[in-house]
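A short worksheet on the structure shown next.
The values are calculated or read from the model by the stated rules, or taken from the named source; none is laboratory data. Predicted model, so just to flag it, every value in this text is computed and none were measured. Here the Cβ positions follow ideal geometry from the backbone for every residue, glycine too, while neighbour counts run over all protein chains shown. Accessible surface is based on the protein model in full, side chains and every heavy atom, while ligands, DNA and RNA are left aside. Shrake-Rupley method; radii C 1.70, N 1.55, O 1.52, S 1.80 Å.
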Amino acid sequence: MDIDFSKINDIYGKDILYSCGENFDDLVENITILKKLGIENIYEVVERYPLLFLDDSKDFSSKINNFFLHLGTNYKEILENNMTLWEELL
Amino acid sequence: MNEYDLVKLFLKYHIDYESLKEITITNDINNLEEILRYLINEKKISPKNLAKSPSIFNTKSITIKDNFSFLEEVNLKKALSNCLHVLNTNNDKLKETYYYVLENYGPSYLEKITSILSVPVERIKLIELSFSDTLSKENILSAATSKFDIFDLTKIINTCINEKIKILPTVFLRNSDEIKALSTICHQKKVSLNTTMFHRSPDEVEQIINFCQENSLAILGAYFLRKPDEVEEIINITKNISDKPLSLAFNRTPSEVKDIIKICQEEQTPLTSNMFLRTPDEVKKIIKLCQKENIPLTGSHFQQPYQDFEDILGYCQENNLNLTASMLFRKKDEISSIRSFCNEKNLPIYETMYKRTPSEVEEIFNYCSKNNLSITPNLFRKKPHETTTIITTCKNLKLPPSSVVFKRTPDEIIDITSIFLKYFKTLPIKNAFNQKPKEVEDIIKLCLSKNIAITGTLFQKKAPSIKDSIDYLEKNYGEKYLKPLIIIKDKNHLAKVFPLLDSLGVLDIVINSPSILTLTEEEIKDRIAFLDRINENIVVGETFNSLFGLSRKNYLLRVEKENNKEGALTL
């Protein structure tokens, strides 16, 4: 895993960094879900929007499915060009 | 038995005979040697642990062997290390108690209160009959392992009720007069009664409290694990090496504490409090092993005895696994069992599973399967009986099922629900269970006082950090920036990015377009410089330029494209 946790610490502070450690299983599982859906820049998404990944995988999966359905079949391209859309899930 | 033979025999097995001098050994020397050979050489029991249960030196070797084999068979060998005295028990009686506790209490209780195996079933049943209305399951078993009869136990329980002392397993270490005396001392000294105080006599507790109060020291529960003179000595030894009191240092004798500090100095290794979980010899061996294997040393490496740590490390190397801090909650065989169980049931292996024993993992899995609940990592944060209580609590409160509630105790769940009902007349939002009740209430009060919308994300942070960000924004830029997606960022980050955006006259855009704050200051500056180079504005319409929304890869492609374009123009 190639997440730059120092970025999370800089942007969100220690509390969120600890939450990432505390919810590490969820974080890993949610990353796997995005990998399976073909998202390539997952580690960058984690660094910029770590709070998204602290949900349990069941909730995360359902949120992501609805979100991608709403974006349409070219969701990968849309999200790489507009990462701010991830914020809609928060 | 000839004392000279005894000394020779104990010396051969590295047992300190001096510490056993008060014990009369009546066993035949051959039988005794067979016990030592079997337990130390064959079963790898540490001589130090063996010396703590000297009663087994007077038992027949056949009884010890039968009991040990049985406990190995039922996977309780590891739990035995601190209660080897159970090996004295009549084999049939031990088995009878084992099956009774397993059936009526569950395997986790056998692992936690292994001493119960030396208690006859009749005594457990008698205590159940007398106190099942007053005592929890754990307290019933703890009362059963105590030295007190029913009459004394009744007095202890009544004293606790009268003195408003929460009944926990440690209360059964003291008689009712001592408990009353402890309560009076705490009342007089204006100190809250701590469960570890029951490890010491009332006189000793009073001496420790006096020492702390005379020296203006906070009273830690850990102090009561040692005698008053040892507490004073350890405090004096450690005061120069740490600003905070090192609670775990009180697990060791003063001379062991000194030795561990000396080892760290010799090995030029920073001292971590977890080191005091181990003997100085183990601390040294663990440091050396990590140096040899080139593993960065962390406090969690001292979680397990040296031998277990070495075994786990070997297991990870054999199976090509990364050693994680959670694995060090368990023994090698337990890690292996948990992994096999997950493979067999086609379950993902969660780090939180290592917080539980294999039987607890299985118990939680079976409970969830039976009740049609999804398996999530949070379920393994709590013991099986706590998990089931949490599920019942949620059902009673009509809380929708969510995995985050397993981060809290049933009482905390009730308290958080009451807080939400008090402030909003609704059930809590799921993320509120990320924090303890006091923290939840602090966040709510803070947001309500500033008219900030309360969203789930805020409960991933603690109130003081949120307050730091709010105070910074309010003082320097005004209330209009107090939005959840802004105040969730670290104050130091805001203190770098806000002045930058302000100097460019685009700060107001952040209110509706806060995503720019997910980039670091350097990344923002870099993209601003690029926009300047290509003559594009930072703001387009009412939002930041879409360049700030590009992924790093797409941003670099865009820069490269621009570089190529400029290169072509130059040519």
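A few notes on this one:
- Within segment B:281-298, being in a helix (DSSP H, G or I) and open to solvent by 20 Å² or more (accessible area, probe 1.4 Å) holds for B:281, B:282, B:284, B:285, B:288, B:291, B:292, B:293.
- Counted residues, segment B:469-491 - those being more than 14 Å from chain A (Cβ to nearest Cβ) and closer than 20 Å to residue A:88 by Cα: 2
- Residue list for segment B:238-260, filter: at pLDDT 90 or above and open to solvent by less than 20 Å² (accessible area, probe 1.4 Å): B:249, B:250, B:254, B:257, B:260
- The selection criterion, being of a type outside the set (Ser, Thr, Tyr), surrounded by 19 or more Cβ atoms within 10 Å (Cβ to Cβ), in contact with a Pro (Cβ under 7 Å, 6 or more places away or on another chain) and at pLDDT 90 or above, holds for residue B:338.
- For segment A:1-16, taking the residues that are surrounded by 19 or more Cβ atoms within 10 Å (Cβ to Cβ) and within 14 Å of the chain's Cα centre (by Cα), the one that is farthest from the other protein chains (Cβ to nearest Cβ) is identified as A:8.
- Boolean, residue B:472 is more than 25 Å from residue B:539 (Cα to Cα), in contact (Cβ under 8 Å) with a residue 12 or more places away in the chain, assigned to a helix (DSSP H, G or I) and of a type in the set (Phe, Trp, Tyr): no
- Here residue B:419 meets each of (1) without any contact (Cβ under 8 Å) to a residue 24 or more places away in the chain; (2) surrounded by 17 or more Cβ atoms within 10 Å (Cβ to Cβ); (3) out of contact with any Leu (no Cβ under 8 Å at 6 or more places or on another chain) with one exception, condition (1).
- If the condition is being under 27 Å from the mean Cα position of the chain (by Cα) and in a loop (DSSP other than H, G, I, E, B), then segment B:194-237 contributes B:194, B:200, B:217, B:218, B:219, B:220, B:226, B:227.
- Number of residues in segment B:110-152 that are open to solvent by less than 20 Å² (accessible area, probe 1.4 Å) and part of a helix (DSSP H, G or I): the value is 14.
- Test: residue B:266 is in contact with a helix residue (DSSP H, G or I) (Cβ under 8 Å, 6 or more places away or on another chain), of a type in the set (Asp, Glu) and surrounded by fewer than 16 Cβ atoms within 10 Å (Cβ to Cβ): no
- Residue check for residue B:531: within 14 Å of another protein chain (Cβ to nearest Cβ), part of a helix (DSSP H, G or I) and open to solvent by less than 30 Å² (accessible area, probe 1.4 Å): no
- For segment B:420-434, residues that are of a type in the set (Val, Ile, Thr) and away from chain A (no Cβ under 14 Å) total 1.
- Spans of helices (runs of 4 or more DSSP H) in segment B:42-107 with at least 2 residues of a type in the set (Phe, Trp, Tyr): B:61-73, B:91-104
- Scan of segment B:492-528 for residues that are of a type outside the set (A, V, I, L, M), open to solvent by 30 Å² or more (accessible area, probe 1.4 Å), assigned to a helix (DSSP H, G or I) and more than 12 Å from chain A (Cβ to nearest Cβ), ordered by number: B:499, B:502, B:503, B:508, B:525, B:526
- Qualifying residue in segment B:314-321 (condition: among the aromatic types (Phe, Trp, Tyr), touching a helix residue (DSSP H, G or I) at 6+ places or on another chain (Cβ under 8 Å), open to solvent by 20 Å² or more (accessible area, probe 1.4 Å) and at pLDDT 90 or above): yes
- Which numbered condition residue B:440 fails, given (1) more than 19 Å from residue A:52 (Cβ to Cβ); (2) of a type in the set (A, V, I, L, M); (3) surrounded by fewer than 19 Cβ atoms within 10 Å (Cβ to Cβ): (3)
- For segment A:56-77, a residue qualifies if it is within 8 Å of another protein chain (Cβ to nearest Cβ) and crowded, with 18+ Cβ neighbours inside 10 Å, and the qualifying residues are A:56, A:57.
- Checked against (1) touching a helix residue (DSSP H, G or I) at 6+ places or on another chain (Cβ under 7 Å); (2) under 30 Å from residue B:333 (Cβ atoms); (3) aliphatic (A, V, I, L, M), residue B:427 passes all but condition (2).
- Residues satisfying the stated conditions in segment B:168-195, i.e. surrounded by 19 or more Cβ atoms within 10 Å (Cβ to Cβ) and of a type in the set (Val, Ile, Thr): B:171, B:179
- Whichever residue in segment B:534-571 is among the small types (Gly, Ala, Ser) and not in a helix (DSSP H, G or I) and, among such residues, is most open to solvent (accessible area, probe 1.4 Å): B:541
- Of everything in segment B:363-396 that is open to solvent by 60 Å² or more (accessible area, probe 1.4 Å) and either part of a loop (DSSP other than H, G, I, E, B) or touching a strand residue (DSSP E or B) at 6+ places or on another chain (Cβ under 8 Å) (or both), the residue that is nearest to the other protein chains (Cβ to nearest Cβ) is B:372.
- The condition of being under 28 Å from residue B:46 (Cβ atoms), more than 14 Å from chain A (Cβ to nearest Cβ) and over 22 Å from the mean Cα position of the chain (by Cα) holds for residue B:287.
- For segment A:20-43, residues that are open to solvent by less than 10 Å² (accessible area, probe 1.4 Å) and facing another protein chain (nearest Cβ under 10 Å) total 4.
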